[in-house]
Amino acid sequence: MQNSGQLDSVSYLTCPDGSKRAYLRHEGLKEGPGLVFLAGHGSDMFGTKADALHQMACSRNISFLRFDYFGHGLSDGAFLDGTITKWVNDCVMMLDQLTTGPQILVGSSLGGWLMIRTAQERRDRIVGLVGIAAAPDFTETLIWEGLTSEQKQQMEANGQIALPNPYAPEDVIYPYHLVLDGRSNLVMNKPINLDIPLTLFQGMADQEVPWQTAIQIAEKWYGEQVDVILDKQAGHRFSEDHHLKQICAATYRLYAAEAKIGKC
């Protein structure tokens, strides 16, 4: 595996429909909570943030899980056939099948939306959340609401729309069914009734997710233990070395508090 010679090899979980989801897992000590990383839209489990957290977990012998959603990376499925509901179901399935006891979810971009939805579905299992440029409701607020009336009509008629990709010369294609399904998973249209410790990292130079989103999540959060860390110069990826150290340190603080083993 790239850049991670000490990590376990890729495994596959077979879903009820026969399709498979790829994952990497480190089975650590049983005393404290485990960690689960949720990647961004179109990303896979081999990103720098996932690598850094996996290495940290291995070095401290903390259980860790990362995986590819339907249509992502090494998992089965066509990317454009994916929906928020399918990806939430993947998260819940992986949580149920591959982890035991309390878990801390770390979600990047789309993963920040999925971690909230997963926590809503499995309230008794989730004891902490770390969001990195978390993008809840992005299909509605960042895609649909950002379209002109003409573009909306085009998307409805064609079933998809192509928009500029900030990371590649090829456009990003967003299917209309992704927007429609997203509406059944919105979390920012009402108070978020979760009393779970939450840490949010957000770059103020992010060109994809407005930095105000992190503040809005904090305002809607029911629990009082919320930390928002803004980096004025950071972009959407939030993956410079000092960012990775911040993310790992914050994740470990949540772990240590739950495991009651003292501060980092």
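Take the conditions at pLDDT below 95 and under 28 Å from Gln154 (Cβ atoms) and apply them to Pro210. Does it pass?
No; evaluated as a whole, the condition is false for this residue.
What about Asp68, is it modelled with pLDDT of 95 or more and in contact with a Ser or Thr (Cβ under 6 Å, 6 or more places away or on another chain)?
Yes, satisfied.
Among the residues of the stretch 231-243, write down those that are crowded, with 18+ Cβ neighbours inside 10 Å and either part of a helix (DSSP H, G or I) or among the aliphatic types (A, V, I, L, M) (or both).
Ala234, His243
Test Tyr167 against the stated conditions and say whether it is farther than 19 Å from Trp221 by Cβ, in contact with a strand residue (DSSP E or B) (Cβ under 8 Å, 6 or more places away or on another chain), free of Cβ contacts under 8 Å to residues at least 24 places away in the same chain and not hydrophobic (A, V, I, L, M, F, W, C).
Judged against the criteria, Tyr167 is not a match.
Output yes when any residue across the stretch 92-108 is closer than 28 Å to Asp231 by Cα, small (Gly, Ala, Ser), outside any loop (DSSP other than H, G, I, E, B) and assigned by TED's automatic domain parsing to the domain that holds Met204, and no when none is.
Within the stretch 92-108, one or more residues are closer than 28 Å to Asp231 by Cα, small (Gly, Ala, Ser), outside any loop (DSSP other than H, G, I, E, B) and assigned by TED's automatic domain parsing to the domain that holds Met204.
Quick check on Glu219: is it part of a helix (DSSP H, G or I) and more than 25 Å from Gly34 (Cβ to Cβ)?
For Glu219, the condition - part of a helix (DSSP H, G or I) and more than 25 Å from Gly34 (Cβ to Cβ) - is met.
Does the stretch 59-67 contain at least one residue that is under 22 Å from Asp137 (Cα atoms) and either touching a helix residue (DSSP H, G or I) at 6+ places or on another chain (Cβ under 9 Å) or not hydroxyl-bearing (Ser, Thr, Tyr) (or both)?
yes
Determine whether Leu163 is of a type in the set (A, V, I, L, M, F, W, C) and modelled with pLDDT of 95 or more.
No.
Out of curiosity, is Leu65 outside any loop (DSSP other than H, G, I, E, B), touching a Lys or Arg at 6+ places or on another chain (Cβ under 7 Å) and among the aliphatic types (A, V, I, L, M)?
yes
Counting only residues that are part of a helix (DSSP H, G or I) and touching a strand residue (DSSP E or B) at 6+ places or on another chain (Cβ under 7 Å), which one in the stretch 41-62 is surrounded by the fewest Cβ atoms within 10 Å (Cβ to Cβ)?
Top of the filtered list is Cys58.
Taking the stretch 186-230 only, how many residues are free of Cβ contacts under 8 Å to residues at least 40 places away in the same chain and either crowded, with 20+ Cβ neighbours inside 10 Å or of a type in the set (A, V, I, L, M, F, W, C) (or both)?
Looking only at that region, the number is 10.
Tell me which residues, restricted to the stretch 172-192, are aliphatic (A, V, I, L, M) and under 16 Å from Thr85 (Cβ atoms).
Selection gives Leu178, Val179, Leu180, Leu186, Val187.
Does Val179 meet the test of being in the same structural domain as Glu150 (by TED's automatic domain parsing), in contact with a strand residue (DSSP E or B) (Cβ under 6 Å, 6 or more places away or on another chain), surrounded by 12 or more Cβ atoms within 10 Å (Cβ to Cβ) and of a type outside the set (Asp, Glu)?
When the stated conditions are applied, Val179 does not pass them.
Of the residues that make up the stretch 255-264, is at least one at pLDDT below 95, part of a loop (DSSP other than H, G, I, E, B) and of a type in the set (D, E, K, R)?
yes
Just to be sure I understand the filter: pairs with C-beta atoms under 9 Å, separated by 6 or more residues or on different chains, first member in the stretch 100-112 and within 16 Å of Arg125 (Cα to Cα), second member at pLDDT 95 or above and of a type in the set (Asp, Glu). Which pairs pass?
From the stretch 100-112, the pairs are Pro102/Asp124.
The values are calculated or read from the model by the stated rules, or taken from the named source; none is laboratory data. Values in this document were obtained by computation on a predicted structure and should not be read as measured data. Heads up, the Cβs are rebuilt from the backbone with ideal geometry, glycines too, and the neighbour counts pull from every protein chain shown.
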